[in-house]
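The values are calculated or read from the model by the stated rules, or taken from the named source; none is laboratory data. Worth saying up front: this structure is predicted, and the values here are computed from it rather than measured. For neighbour counting, all protein chains shown are included, and Cβ atoms are generated from backbone atoms with ideal geometry for every residue, glycine included. When the accessible area is computed, the model is the full protein with side chains, heavy atoms only, and any ligands, DNA or RNA have been set aside. Shrake-Rupley method; radii C 1.70, N 1.55, O 1.52, S 1.80 Å.
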Amino acid sequence: MWAFMEGVIRAGDTYTYDRDLTEEQTRDSWLVPLPGRAFVAVDDDGRMLGTSKVTRNHGGGGAHIASASYMVAPGHHGRGVGRALGEHSLQWARAAGFRAMQFNAVVETNTRAVALWHSLGFATIATLPGGFEHPDQGFVGLHIMYREL
């Protein structure tokens, strides 16, 4: 996964990750502990197209709310990989007993992701103005998105 995740992280325009994360740090944060799961999407030839992770958004009294993250390999955007990962993660989270899913930080300039999540039933419930420093566009908003399962 690192083969494409590194470029996404280094670009710094869609994730709130530190841009200098190492492969080990990325693996440790992406391969979440139970009850969470990480998933990969592959084509018929076994090429990795993307990955997602689903985990508890909070512990304790908030442990019934899932959160998720997604990365699609460059060259595979716009081909339904993100949608397939999103639909799968929603189904998995529901089956795992989560009652809702919340995204804490969707960069507002990541318009493809915002449109995808809206099409899958998420609502933007708040935007933190200037919550993300985009490498080209300066300070832009971070959406909090939510959907019941």
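Between rounded, prolate and oblate, where does segment 70-109 land on the alpha carbon gyration tensor, with a ≥ b ≥ c its root eigenvalues, rounded for a/c under 1.5, else prolate if a/b exceeds b/c? Since a/c reaches 1.5 but b/c is at least a/b, the shape of segment 70-109 is classed as oblate.
Rolled with a 1.4 Å probe across the full set of protein chains, the surface gives I9 an accessible area near 0 Å².
Spacing of the modelled spin labels on L128 and D13, each 7 Å from Cα toward Cβ, amounts to 2.2 nm. Classified by the C-alpha gyration tensor, segment 64-131 has an oblate form. Its axis ratio a/c, with a ≥ b ≥ c, is 1.5 or above, and a/b does not exceed b/c. Summarising the strand pairing of the chain, around 95 percent of its internal DSSP beta bridges are antiparallel.
Here the simple spin-label model places points 7 Å from the Cα toward Cβ, and for V40 and N104 these points are separated by 2.6 nm. Measuring only protein heavy atoms, the 1.4 Å probe finds D45 accessible over about 120 Å². In terms of its C-alpha gyration tensor, segment 1-66 has an oblate overall shape, because the principal axis ratio a/c (a ≥ b ≥ c, square roots of the eigenvalues) is not below 1.5 and a/b does not outweigh b/c. Accessible surface area normalised per residue over the chain is 54 Å², counting heavy atoms of protein chains with a 1.4 Å rolling probe.
Scan the chain and report its longest stretch carrying no trypsin sites (Lys or Arg not before Pro) that are both in a DSSP loop and have at most 15 other Cβ atoms within 10 Å. The longest such stretch corresponds to 100-149.
Remark: segment 115-130, residue by residue, has Karplus-estimated 3J(HN,Hα) of 5, 4, 5, 4, 5, 9, x, 7, 10, 7, 9, 6, 9, 8, x, x Hz, where x stands for each Gly or Pro and the curve is 6.51 cos²θ - 1.76 cosθ + 1.60 at θ = phi - 60°. Roughly speaking, to the nearest percent, how much of segment 98-149's 1.4 Å accessible area is carbon and sulfur? Of all accessible area on segment 98-149, carbon and sulfur atoms account for 51 percent. Convex hull volume per residue, computed on the Cα atoms of the chain, equals 116 Å³.
Short-range pairs are left out: with C-alpha atoms under 8 Å and at least six residues apart, the relative contact order of segment 40-128 is 24 percent.
Taking every DSSP helix (H) stretch of at least 4 residues in the chain, weighting each as -39,500 (n - 2.57) and dividing the sum by the residue count yields a mean residue ellipticity at 222 nm of -8500 deg cm²/dmol. Rolling a 1.4 Å probe across all protein chains gives V72 an accessible area of roughly 30 Å².
Site pair F139 and A96 shows an inter-label distance of 3.4 nm when each label is modelled 7 Å from Cα along Cα→Cβ.
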